[in-house]
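A quick write-up on the structure given underneath.
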Amino acid sequence: MTMTTERMPVVILCGGMGIRMGDEQPKVLVRVGKYPILWHVMKLFSAQGFTEFVLALGYRGKDIKRYFLDYDTTNRDFTLELDGERSITYHGPSSERAWRITFADTGLPTKTGARIRKVAHYLRGETFFATYGDGVADIDLHALLAFHRKMGRVATVTGVRSFSRFGVLETDGQGMASRFEEKPLVDATINGGFFVFEREIFDYLGDGDDVVLEREPLRRLVADGQLAVYEHTGFWRAMDTFKDAREMNAVWRKSAPWKIWD
């Protein structure tokens, strides 16, 4: 994978309550290894040269703001001088020194499409990335962007294959099992996030707070012939439950295919 000097904003949806996680903290702050899953998503982009982020906040957005405001003191060595005027000297460079993060409060009950619409005024240029704050992949973002430009549509979504959460049984029609497979690969392409949008996407996102990107806007894009699908056949995982979090941490400790940075 290559780096880029192209400045392109990355909208990350961070507003969900994560009810299935059963925790008070925002789902995007659930840790994978030492860092929140949101950090992993941002590292995936920044490792390929995309370092301008717009975080669409909602539920406990202040906790996400606080994490990054405290980032240096939490993750770097520093010297604190309390003699007279308080001062802090950090030691060593920050690995995220190029990040530019805009924190946008898009409202607590706001749905995904409306969150993207509400950050429009923070986005420079005609094209931007958008993704969820809880999914990672070993995706080549430059290949995704090149595909989007080749297709010349308003939107591109990354299609992935996923594993079923349940074991699959086939029967012989006479009360006997003929095959059992534990969590097989689903024979369908699903929405893996990692979108690329042109500014025309805002024409599809309505006016209210209840606009769900994955419903009417994507359906209208399909009907208008304006939704391209970039098929990613490599690693992809999303975190929806504590079980997902445990599994993602296990993958992180072993190999972490999405870790394309040093």
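Residue count for the stretch 229-252 satisfying the condition of being over 15 Å from residue 37 (Cβ atoms) and out of contact with any strand residue (DSSP E or B) (no Cβ under 7 Å at 6 or more places or on another chain): 1. Residues being in contact (Cβ under 8 Å) with a residue 40 or more places away in the chain, in a helix (DSSP H, G or I) and in contact with a Leu (Cβ under 6 Å, 6 or more places away or on another chain) are represented in the stretch 17-33 by at least one member.
Right, residue 64: over 22 Å from residue 104 (Cα atoms) and not in a loop (DSSP other than H, G, I, E, B) or not? No: the conditions fail for residue 64. For the stretch 92-125, a residue qualifies if it is under 18 Å from residue 10 (Cα atoms) and without any contact (Cβ under 8 Å) to a residue 24 or more places away in the chain, and the qualifying residues are 97, 121. The residues of the stretch 126-138 that are closer than 15 Å to residue 10 by Cα and buried (at least 20 other Cβ atoms within 10 Å of the Cβ), listed by number, are 128, 129, 130, 131, 132, 133, 134, 135, 136. Residue 74 falls short on exactly one of the conditions (1) among the hydroxyl-bearing types (Ser, Thr, Tyr); (2) assigned to a helix (DSSP H, G or I); (3) touching a His at 6+ places or on another chain (Cβ under 8 Å), and that condition is (3). Among the conditions (1) surrounded by 19 or more Cβ atoms within 10 Å (Cβ to Cβ); (2) assigned to a loop (DSSP other than H, G, I, E, B), the only one that residue 115 does not satisfy is (2). Working carefully through the options 36, 9, find the one that is modelled with pLDDT of 95 or more and more than 22 Å from residue 197 (Cα to Cα). On inspection, the qualifying residue turns out to be 36. In the stretch 99-109, the qualifying residues are those that are under 17 Å from the mean Cα position of the chain (by Cα) and part of a loop (DSSP other than H, G, I, E, B), and the one that is surrounded by the fewest Cβ atoms within 10 Å (Cβ to Cβ) is 99. Residue 223 passes every criterion in (1) touching a Leu at 6+ places or on another chain (Cβ under 7 Å); (2) surrounded by fewer than 16 Cβ atoms within 10 Å (Cβ to Cβ) apart from (1).
Rundown of residues vs (1) among the β-branched types (Val, Ile, Thr); (2) over 20 Å from residue 199 (Cβ atoms); (3) modelled with pLDDT of 95 or more, yes/no style:
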residue	(1), (2), (3)
88	yes, yes, no
121	no, no, yes
129	no, no, yes
146	no, no, yes
161	no, yes, no
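Per-residue answers, yes or no, for (1) in contact with a strand residue (DSSP E or B) (Cβ under 7 Å, 6 or more places away or on another chain); (2) surrounded by fewer than 19 Cβ atoms within 10 Å (Cβ to Cβ):
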position: 37; (1), (2): no, no
position: 40; (1), (2): yes, no
position: 47; (1), (2): no, yes
position: 51; (1), (2): yes, no
position: 59; (1), (2): no, no
position: 70; (1), (2): no, yes
position: 73; (1), (2): no, yes
position: 83; (1), (2): no, yes
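Of everything in the stretch 189-201, what is out of contact with any Asp or Glu (no Cβ under 9 Å at 6 or more places or on another chain), outside any loop (DSSP other than H, G, I, E, B) and crowded, with 16+ Cβ neighbours inside 10 Å? Give them in sequence order. Answer for the stretch 189-201, where residues must be out of contact with any Asp or Glu (no Cβ under 9 Å at 6 or more places or on another chain), outside any loop (DSSP other than H, G, I, E, B) and crowded, with 16+ Cβ neighbours inside 10 Å: 195, 196, 197, 201.
When you check residue 187 against the structure, is it of a type outside the set (Ser, Thr, Tyr), out of contact with any Lys or Arg (no Cβ under 7 Å at 6 or more places or on another chain) and at pLDDT below 75, yes or no? Considered against the rule, which asks whether it is of a type outside the set (Ser, Thr, Tyr), out of contact with any Lys or Arg (no Cβ under 7 Å at 6 or more places or on another chain) and at pLDDT below 75, residue 187 comes out as yes.
If you go through the stretch 226-262 and keep only what is of a type in the set (D, E, K, R), within 18 Å of residue 28 (Cβ to Cβ) and in a strand (DSSP E or B), you end up with just 237. Of everything in the stretch 228-262, what is surrounded by fewer than 17 Cβ atoms within 10 Å (Cβ to Cβ), among the aromatic types (Phe, Trp, Tyr) and either at pLDDT 95 or above or in contact with a helix residue (DSSP H, G or I) (Cβ under 7 Å, 6 or more places away or on another chain) (or both)? Give them in sequence order. Within the stretch 228-262, 242, 261 qualify.
The values are calculated or read from the model by the stated rules, or taken from the named source; none is laboratory data. Keep in mind it's a predicted model, so treat the numbers as computed, not measured. We place every Cβ from the backbone using ideal geometry, glycine too, and count neighbours over all the protein chains shown.
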